[in-house]
Amino acid sequence: MGSNTSQSIAELTKEDIEFISNVTKLDHENVRLWYSKLMAACPDRKISKADTVNFLRSINSGKDEQLQKQANEIHKAFDENNDGIVDQREFLIGFALTSKGSIHEKLKYVFRTYDHDKDGLISKKEIDWMIKIAMRLHGKEEREKTTRTINELKRSLERLNQGKDLDRLKITSEEFIQLLMENKELCKLVSPFNIEQP
């Protein structure tokens, strides 16, 4: 199954609908329609890689090879125990991150994804989850580079936190986005999909 830290949601939020509409160029009604179709196909809120590919095919005119790659990226990032299943929230996050859109839009969405308690700030606990995903995605192939980038992220966060203990870290959306926009490697680490720097 997917991550323990994510939560299932029954409905898309207004922000989710707006973001998905922006990156897919679907109107709000069509976003709700495809989402309801996905949920009807997966009533237990568990989405297999085959479900992901079929869903992407239904809203996308891309080649099967590209759709398969996008599905693989979503599952690689969020399928913690490698059983081929992600939950609907994880799917939504992965879909958004692997879609077209501006880097600022995507990073804003990434921030909301990592802000589990929805207090508008990212805490040390939320940063740890971000690092866990990054290590799972990049650790095996690029362990040394990933470790260096994570250490750089921690140093950057300490600077943002004005040298205070990272256990009390609280950073805003704008600080998070600015930090990642200024550093291509950090951006790739935290948003490991096809988020291109301008």
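Of the residues Glu152, Glu158, the single one that is at pLDDT below 80, touching a helix residue (DSSP H, G or I) at 6+ places or on another chain (Cβ under 7 Å) and part of a helix (DSSP H, G or I) is Glu158.
If you go through region 167-186 and pick out every residue that is at pLDDT below 85 and either assigned by TED's automatic domain parsing to the domain that holds Lys69 or in contact with a strand residue (DSSP E or B) (Cβ under 7 Å, 6 or more places away or on another chain) (or both), you end up with 1. Selection within region 17-34: residues that are assigned to a helix (DSSP H, G or I) and modelled with pLDDT under 80. The member of this set that is farthest from Asp79 (Cα to Cα) is Asn22.
Of the residues making up region 20-48, those that are polar (S, T, N, Q) and either surrounded by 18 or more Cβ atoms within 10 Å (Cβ to Cβ) or within 20 Å of the chain's Cα centre (by Cα) (or both) are Ser21, Asn22, Thr24, Ser48.
Taking residues in region 37-55 that are closer than 12 Å to Ile74 by Cα, and partners anywhere that are surrounded by 17 or more Cβ atoms within 10 Å (Cβ to Cβ) and small (Gly, Ala, Ser), the pairs with Cβ atoms closer than 7 Å and at least 6 places apart or on different chains are Lys49/Ala71; Thr52/Ala71; Val53/Ala71.
The values are calculated or read from the model by the stated rules, or taken from the named source; none is laboratory data. Here the structure is a predicted model, which means the values were calculated and not measured. Quick reminder, even Gly has a Cβ in these numbers, built from the backbone with ideal geometry, and neighbours come from all protein chains shown.
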